[in-house]
Structure formats: C-alpha cells, structure tokens
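Only one structure is covered here, and it is reproduced in the block below.
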Amino acid sequence: MHRHLIFHRRGDDLHTNISISIVDALNGFSMEVSHLDGHKVKIRRDVVTWPGAILTVPGEGMPNYENNKVHGRLVIVFDVDFPKNYVFTEEQKSKVRDIFSDAKGYFKDGAKVYNGIDAVPSSQGRTVVIL
C-alpha cells in the first residue's frame, strides 16, 4: 500500500490540509475538494477561518472495515497563506485597524500566544508563561 500525497487515513476518517488565501480566510469562501475517487465535495465557510481551523464533512471519509456502508468523516485542516514581503501603506494599516476595532471583544487584552500554547513547563518543574 502506498501513501497518498494529499490524503491520509486515521481509522475511518480521511484527513487533508488545504491552503487558503488570507482574503478567503477573512471573508469566507466556497470550494470543491477532489476526493480520492474523483467526486467533488463542496465545502463552504461563511465565518473567519484561522490557521489550523478544522472542518469535518460527515460521510465523506473512508468505509468502515467491518461495514463498508458506513463511512467516516473528511477532516480538513486549513492553512492560511499570508502575504510575504508585503508592506502596507499607512492608509491601509489604518483601514485594517478600523475594521478590527469592533472585534476587540474577540481578542484577549495583552495576551500573546505562540502556536496555541500560552504556558510551557520548564525543566525545573515550574511553569513558564510566554508573554
């Protein structure tokens, strides 16, 4: 059995990663994903999609080993492509700040999180908080 370049199986679930643009991540999107057998699976998100967000599609995974009429889920993890080497003008920066000024309730004041981890155990048994 060979490994597939796009999909991998975990039990009855079929996992994949999909990269989307930052514009699609912020505005929502719809797309079709080509499944292993070539059929198209339509997906849609109308909310902000953050890097690492997971979308599951029931019944689009792999057949169950004991009952091939039962299928697992298609599990999609999203990567978000940010612009590289792009410098915003002051006017653009101001517009971005204005857009997100209403979203302050969604952010923790002063919190800085690295890769989803806000506390890392140290070697001396104490917890080091990353700021």
*Does segment 17-30 include one or more residues that are assigned to a strand (DSSP E or B), polar (S, T, N, Q) and over 27 Å from residue 84 (Cβ atoms)?*
no
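Tell me, which residue of segment 65-77 that is in contact with an Asp or Glu (Cβ under 9 Å, 6 or more places away or on another chain) and closer than 19 Å to residue 16 by Cβ is surrounded by the most Cβ atoms within 10 Å (Cβ to Cβ)?
The residue in question is 74.
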*Identify all residues within segment 1-51 that are loosely packed, with under 13 Cβ neighbours inside 10 Å, of a type in the set (Ser, Thr, Tyr) and under 17 Å from the mean Cα position of the chain (by Cα); write none if there are none.*
19, 30
*Take segment 61-80 and flag every residue that is among the β-branched types (Val, Ile, Thr) and in a strand (DSSP E or B).*
75, 76, 77, 80
*Residue that is farthest from residue 28 (Cα to Cα) [pool: residues in segment 83-102 that are of a type in the set (Phe, Trp, Tyr) and surrounded by 10 or more Cβ atoms within 10 Å (Cβ to Cβ)]*: 88
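Bear in mind that the values in this text are calculations on the coordinates, not laboratory data. The model shown is predicted, which means the values in this text are computed figures rather than measured ones. Because the Cβ atoms are built from the backbone with ideal geometry, glycine has one as well, and the counts that use them run over all protein chains shown.
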